[in-house]
Amino acid sequence: MNPVLPLALALAAALSAGGRLLLWQQSRGQDTSSLFTLVLGESRRAFADQMFLKADAYYHMGNYPSVFDLAQSDGKTHMAKERAGHDPHDHPQPPPPHRDWLEAFGSHFHPTGHRHLEAFRDGREILPWLRLAAELDPHRVDSYTVAAYWLREHLNRVTDAEAFLREGLRANPDSYEILFELGRLYAENNRDVSRARAVLELAINKWIRQEAAKPAPDTYSYRLILGQLATLEEQAGNLDRALAHFTRLKHFSPQPDAVQKRIVEVQEKMSGKK
Amino acid sequence: MNTVWSLAKVVVLEMVRRKDFYVLFILTVLLTLTAASVNLFNDRSIVRYLKEICLLLIWLSALVIAITCTARQIPAEREHRTLFPLLAKPVTRGQFVLGKFLGCWLAVGLALASFYLFFGLVSATREQHWPVLNYLQAAWLHWLMLGIVIAFTLLGSIIFATPSSNGTICFACAAGILLLGRHLNKVALSLAEPLQSLLYTAYFILPHLEIFDVRELIIHDAGLIRWDMFALATLYAAAYTAFFLFAAWLAFRRRPLN
Amino acid sequence: MEATVSIENLRVEYSSRDLGESTKVAVNGLTLRVGQGEVFGFLGPNGAGKTSTMNVLLGFVPPTSGTARIFGVDVREPIARQRIGYLPEQTYYYKFLTAEELLRFYAGIFGIPRPETEARIDAVLKLVELDHARKRQIKTYSKGMQQRVGLAQALINNPDLLILDEPTSGLDPIGRMQVREIIQRLKGEGKTVFFSSHELGEVETVCDRVAILHQGELKTEGRVSDLLKEHSANLEQIFLKLIGYPPLP
């Protein structure tokens, strides 16, 4: 019997089954446009988490705790922090001394010591992993915000940062974190006050809609957005608006005295103007 | 030594004439070049992810070459009966084992040289510097690690029934040690006795292959490894390799040839 | 003069897989001598112990008891094999090597210096008529060519003792004739040839002395001409009679 016929039939059956499966998947509302989604399914989210951790490991130049070591106390990675470098006070305890001679010997063959990429002006090196994390899980918001932060703050690639944030916004239209980062970009890099204001106010509205009713809302993000908006208005000369934002901020801030100081400064500016 | 060297040359010739290395090398090149072609925020100077991908492929390929090449040596000699005309010559079983080890190790060394040369070229296209000494240290340690793997695979090829089972077991052991070896002591300390002592004993007995995995140092442009530690690592590898080869010789001596 | 091959009370046992038997005796108290320059035929039915005896001589298997020496050296010493050439019954060699490379490899094991190696390779390849195919990989060879490669590798070190296990197995009549001619030539050069074969007609033609083994024991040994005269029969009939095979009607 000619083997071509059974092979052709098998190929046709496989193609039909594949097409049918694809239609079934689409009818369930799953995103099949991404190759990663097709190949990995829902496990891509786990891979995305690993890629994000990889970026953090790169930030620490390869010296990174394993699953067997203690995790970060706040559960967050360092590079997600806003500031260049990070607050040394929220860093976990230094690693214990070597448990045995073998561990001491082995320490010569992998990175040790706490160092950050930014100190060596190589922040770009974490970008591929953040890009990959975003590809694997477009709904992982901090892939976009952290990458944008590094692009605009350390690498002066503002256009690329904006494009990436917009890409993140397309996948996550309700994300106040991405809107906040975009607002910062317009405020600090583009100096486009009206645009920055519009985006930051949208971020506030999104936050209120999503978080305000929660028993434990994400007040950290709210404080950041409010603070950014207040600073923006103050620098633009809209002191009454700045005052209103600082006043709201004071209610949520863990350091109300510091916010009160800022309120007093703005009031003095207002009275000086008059 | 002539005998050992003659045996080794035949193993190298075999590897050169088989397709395994070429397939894996081409795969490594293609995957690395694909990764290099990805547009990452229009920045062509990002290099570390590329180094990581390339080194991962090199490590996987070299491990596959080392284990598959070694696992089939002695069983193939038995199966194809080439062992008999060979041992009918003035060749001791020890020389035979040593010759096979040396051949596999040299063959893998040639493969590694090709891989690391490619890696050097790839990283040089993006970086402004070429840390040759660092790469040489990394390649040498990698080669030493594969020497240990080849030695215990050779032992496995005498003990286990088939090359495929030997290859699977050796691959699992090598991968397990590379991934978990460094952390066994931490796990041991979290356990109660007697498991703690057992695991800690295993921790000290097992060959710590992960010591030779210095990819992180290469990827993140760390400095050179201290030469005294480098020498100690070489001795460490030599000791384990010698141990496994000695065990292989003892096992092979006792095995009937047919 | 010291015998080339000297076997004294050789006993070879293997552990048995059969129920009720812990060991199987392959060779039982074999005593044999092969003189220098002799062509010695080692005969017996399947399972007689010929291969076991050869395995002991070649160092593949240690004797359970008794001794075996080649040129006065205990066979357990690797140096005993420095002056021997061995042609196994089943000729498998490294298929990825060419004939030339294979011979060079074996010459390296014997420690033959490079210039002499090249001369020896040319000589043996010419002798076995494989000169035209020396650069082709062995995997492209026919069965007959592989057998001839086997003969070539057995001769590469210009051995003083040649151990051949069924040397004409699988060969066509021309091939068998060529092997016989080679054996005669080696004898003319004063080499000793020790071979096992089932081709009794061939053995009768070529051998000076023969030994017949059956169930691990030596049944007879002596010059071919003497045995033929003593039993007034050809070698095949003598063989069948000694192993207890019923005579033909």
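The values are calculated or read from the model by the stated rules, or taken from the named source; none is laboratory data. No experiment lies behind these values; they were computed from the predicted model shown. Cβ atoms come from the backbone with ideal geometry, glycine included; neighbour counts cover every protein chain shown.
The criterion of at least 1 residues that are hydroxyl-bearing (Ser, Thr, Tyr) is met, among helices (runs of 4 or more DSSP H) falling completely within region B:73-165, by B:93-126, B:132-159. Residues satisfying the criterion are present in region B:123-137 (criterion: surrounded by fewer than 21 Cβ atoms within 10 Å (Cβ to Cβ), over 29 Å from A:Pro65 (Cα atoms) and of a type in the set (Gly, Ala, Ser)). The residue that is nearest to the other protein chains (Cβ to nearest Cβ), counting only those in region B:226-236 that are free of Cβ contacts under 8 Å to residues at least 24 places away in the same chain and assigned to a helix (DSSP H, G or I), is B:Met229. Selection over region B:46-59 of residues that are β-branched (Val, Ile, Thr), part of a helix (DSSP H, G or I) and surrounded by fewer than 22 Cβ atoms within 10 Å (Cβ to Cβ) gives a count of 1. Close Cβ contacts (under 6 Å, 6 or more residues apart or on different chains) running from residues in region A:146-173 that are buried (at least 20 other Cβ atoms within 10 Å of the Cβ) to residues that are of a type in the set (Asp, Glu) comprise A:Ala148/A:Glu181; A:Leu151/A:Asp160; A:Leu165/A:Glu181. Inside region A:53-82, can you point out the residues that are of a type outside the set (A, V, I, L, M), within 18 Å of A:His154 (Cα to Cα) and at pLDDT 70 or above? Correct list: A:Asp56, A:Tyr58, A:Tyr59, A:His60. Here C:Thr53 meets the list (1) surrounded by fewer than 24 Cβ atoms within 10 Å (Cβ to Cβ); (2) under 19 Å from C:Ala3 (Cα atoms); (3) of a type in the set (Ser, Thr, Tyr) almost entirely, failing just condition (1). Within region B:207-220, residues that are more than 7 Å from chain A (Cβ to nearest Cβ) reach partners that are of a type in the set (S, T, N, Q) and assigned to a helix (DSSP H, G or I) with beta carbons closer than 7 Å, at six or more positions or on different chains, in the pairs B:Ile218/B:Asn134. Of all the residues in region B:1-45, those that are part of a loop (DSSP other than H, G, I, E, B), within 14 Å of chain C (Cβ to nearest Cβ) and surrounded by 12 or more Cβ atoms within 10 Å (Cβ to Cβ) number 1. The listed residues are B:Val187, B:Val149, and the only one of them that is more than 16 Å from B:Pro75 (Cα to Cα) and either within 12 Å of chain A (Cβ to nearest Cβ) or exposed (fewer than 12 other Cβ atoms within 10 Å of the Cβ) (or both) turns out to be B:Val187. Residues considered: C:Leu97, C:Leu57. Of these, the only one that is within 26 Å of C:Ile182 (Cβ to Cβ), touching a helix residue (DSSP H, G or I) at 6+ places or on another chain (Cβ under 7 Å) and within 14 Å of another protein chain (Cβ to nearest Cβ) is C:Leu97. Taking A:Ser107, is it under 26 Å from A:Phe68 (Cα atoms), part of a helix (DSSP H, G or I), touching a Leu at 6+ places or on another chain (Cβ under 6 Å) and more than 8 Å from chain B (Cβ to nearest Cβ)? Here the answer is no, as A:Ser107 does not meet what is asked. Residue check: is B:Gly181 under 29 Å from B:Phe84 (Cβ atoms), of a type outside the set (Ser, Thr, Tyr), within 20 Å of the chain's Cα centre (by Cα) and more than 8 Å from every other protein chain (Cβ to nearest Cβ)? Here the answer is no, as B:Gly181 does not meet what is asked. Say whether the condition of being crowded, with 18+ Cβ neighbours inside 10 Å, out of contact with any Phe, Trp or Tyr (no Cβ under 9 Å at 6 or more places or on another chain) and in a loop (DSSP other than H, G, I, E, B) is met by at least one residue in region C:2-15. Checked against the condition, which is being crowded, with 18+ Cβ neighbours inside 10 Å, out of contact with any Phe, Trp or Tyr (no Cβ under 9 Å at 6 or more places or on another chain) and in a loop (DSSP other than H, G, I, E, B), region C:2-15 yields no hits at all. Once region C:142-169 is narrowed to residues that are more than 14 Å from every other protein chain (Cβ to nearest Cβ) and assigned to a loop (DSSP other than H, G, I, E, B), the residue that is nearest to B:Lys89 (Cα to Cα) is C:Thr168. Within region B:55-67, the set of residues being touching a Ser or Thr at 6+ places or on another chain (Cβ under 9 Å) and either among the polar types (S, T, N, Q) or within 13 Å of another protein chain (Cβ to nearest Cβ) (or both) comprises just one member, B:Ser61. Being over 30 Å from C:Glu221 (Cβ atoms), at the interface with chain B (Cβ under 9 Å from one of its Cβ atoms) and free of Cβ contacts under 8 Å to residues at least 24 places away in the same chain is not true of C:Ile79.
Residue count for region B:163-180 under the criterion of being more than 20 Å from B:Leu141 (Cα to Cα) and of a type in the set (A, V, I, L, M): the result is 2.
Here is a yes/no grid of residues against (1) of a type outside the set (S, T, N, Q); (2) within 25 Å of B:Gln73 (Cβ to Cβ); (3) in a loop (DSSP other than H, G, I, E, B); (4) more than 8 Å from every other protein chain (Cβ to nearest Cβ):
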{"position": "B:Leu199", "(1), (2), (3), (4)": "yes, no, no, yes"}
{"position": "B:Ala238", "(1), (2), (3), (4)": "yes, yes, no, yes"}
{"position": "B:Trp249", "(1), (2), (3), (4)": "yes, yes, no, yes"}
{"position": "B:Leu257", "(1), (2), (3), (4)": "yes, yes, yes, no"}
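State whether the residues of region B:175-190 include one that is under 20 Å from B:Leu112 (Cβ atoms), in a loop (DSSP other than H, G, I, E, B), touching a residue at least 12 places away in the same chain (Cβ under 8 Å) and in contact with a helix residue (DSSP H, G or I) (Cβ under 6 Å, 6 or more places away or on another chain). For region B:175-190, residues under 20 Å from B:Leu112 (Cβ atoms), in a loop (DSSP other than H, G, I, E, B), touching a residue at least 12 places away in the same chain (Cβ under 8 Å) and in contact with a helix residue (DSSP H, G or I) (Cβ under 6 Å, 6 or more places away or on another chain): absent.
Anything in region C:125-140 that is within 14 Å of chain B (Cβ to nearest Cβ) and surrounded by 13 or more Cβ atoms within 10 Å (Cβ to Cβ)? List them, or say none. Those that are within 14 Å of chain B (Cβ to nearest Cβ) and surrounded by 13 or more Cβ atoms within 10 Å (Cβ to Cβ): C:Arg136, C:Gln137, C:Ile138. Filtering region C:65-95 to residues that are among the hydroxyl-bearing types (Ser, Thr, Tyr) and closer than 20 Å to B:Phe84 by Cα leaves C:Tyr86, C:Thr91, C:Tyr92, C:Tyr93, C:Tyr94.
Kindly indicate the residue of region B:155-172 that is aliphatic (A, V, I, L, M) and surrounded by 13 or more Cβ atoms within 10 Å (Cβ to Cβ) and also farthest from B:Val97 (Cα to Cα) among those meeting that condition. Only one residue tops the list, namely B:Ile169.
Return a yes/no flag: does region A:221-233 have any residue that is of a type in the set (Asp, Glu) and surrounded by fewer than 21 Cβ atoms within 10 Å (Cβ to Cβ). No, the conditions are met nowhere in region A:221-233. Of the candidates C:Glu116, C:Glu181, C:Glu199, the single residue that is within 14 Å of chain B (Cβ to nearest Cβ) and of a type in the set (D, E, K, R) is C:Glu116.
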